[in-house]
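A short write-up of the structure that comes next.
The values are calculated or read from the model by the stated rules, or taken from the named source; none is laboratory data. Worth saying up front: this structure is predicted, and the values here are computed from it rather than measured. Neighbour counts run over all protein chains shown; Cβ positions are idealised from the backbone, glycine included. Accessible surface areas use protein heavy atoms only, side chains included; no ligands, DNA or RNA. Shrake-Rupley method; radii C 1.70, N 1.55, O 1.52, S 1.80 Å.
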Amino acid sequence: RRERQRFVDKNGRCNVQHGNLGGESSRYLSDLFTTLVDLKWRWNLLIFLLTYTVAWLVMASMWWGIAYLRGDLHRAHDDTYSPCVANVYNFPSAFLFFIETEATIGYGHRYITERCPEGIVLFLFQSLLGSIVDAFLIGCMFIKMSQPKKRAETLMFSHAAVVSQRDGKLCLMFRVGNLRNSHMVSAQIRCKLIKSRQTPEGEFLPLDQCELDVGFGTGADQLFLVSPLTICHEINSKSPFFCLSQRSLRSEQFEIVVILEGIVETTGMTCQARTSYTEDEVLWGHRFLPVMSLEDGFFRVDYSQFHATFEVPTPPYSVKE
């Protein structure tokens, strides 16, 4: 096996990193919500905790500052004096008052008096700011938790692709499967051939993308993914594998990217699963083992044979030959 850099890993992760953005990096801040959702979980949790901690300390400091400037801290125990916030003696008590107000706990021991207009204004500002912070951060966490990325992990692709004859035609085939009982609504599959080439004008295209026909005209690309299906690409004169033979396969360098999209039945959200096959993972003259069997009143799928193949007689020549 020849190890080389893949464009898309087997688990669907794209090996592309964006660098030297220059002034374009400011675009990430203009769409801050999407930027936070795209971050890893550890950074999301860190930003979540830091934002709330800083906001709590700043707002508690403002309440303490009002009490300090009005002289409430020195006369807090004077029964004849009306402070801005009752029973606020120091910074911990100001912090507790802010938490009780923000969380709408309202123990009743600390409260704003009517003789403190600056406290009323600060209370209104705190309510507006708290609502904005809660909507932004909690919405970000909810969207991140509800992303259907984990659903893609229960969609399987065969480890290898095979080339053999089907209905008298040479075909490139691979297998897909759904491990859950819930269906993928409107499931559709697409294939891209990524291969370097040089144009007749001398231009070199390092990662040229070419579409592989997996049944666009016949509707075979629209999948009813209840049981494992074998996806077939017919190699004909319009196929980029028209000149591919068993011998030339050993010297080729290409990558087939498979993209499976559908709507998760239980959530209604769009899910995408990806994988890829390099030339080392294309088996010439092989076919997939059957995985379906009829039991008493139902069909059984044996996923232990999902990736298994066996050799079949296949001409070693290309379709062109």
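A few points about this structure:
- Spans of helices (runs of 4 or more DSSP H) in the range 16-87 with at least 1 residues of a type in the set (A, V, I, L, M, F, W, C), modelled with pLDDT of 80 or more and out of contact with any His (no Cβ under 9 Å at 6 or more places or on another chain): 32-38, 41-70
- Inside the range 300-314, residues that are surrounded by 12 or more Cβ atoms within 10 Å (Cβ to Cβ), in contact with a strand residue (DSSP E or B) (Cβ under 7 Å, 6 or more places away or on another chain), within 12 Å of residue 288 (Cα to Cα) and touching a residue at least 60 places away in the same chain (Cβ under 8 Å) make up a count of 2.
- Scanning the range 254-281 for residues that are closer than 20 Å to residue 209 by Cα and in contact with a Ser or Thr (Cβ under 7 Å, 6 or more places away or on another chain) turns up 255, 256, 257, 258, 261.
- Residue match in the range 152-173 (condition: closer than 28 Å to residue 265 by Cα and β-branched (Val, Ile, Thr)): yes
- Residue in the range 169-187 that is open to solvent by 40 Å² or more (accessible area, probe 1.4 Å), free of Cβ contacts under 8 Å to residues at least 60 places away in the same chain and in contact with a Ser or Thr (Cβ under 6 Å, 6 or more places away or on another chain) present: yes
- Failed item, numbered, when residue 109 is tested on (1) at pLDDT below 85; (2) surrounded by 13 or more Cβ atoms within 10 Å (Cβ to Cβ): (2)
- Of all residues making up the range 201-230, the number that are assigned to a strand (DSSP E or B), among the polar types (S, T, N, Q) and either touching a helix residue (DSSP H, G or I) at 6+ places or on another chain (Cβ under 7 Å) or open to solvent by 50 Å² or more (accessible area, probe 1.4 Å) (or both): 2
- Positions within the range 83-106 being buried (at least 18 other Cβ atoms within 10 Å of the Cβ) and touching a Gly at 6+ places or on another chain (Cβ under 8 Å), in sequence order: 84, 85, 102
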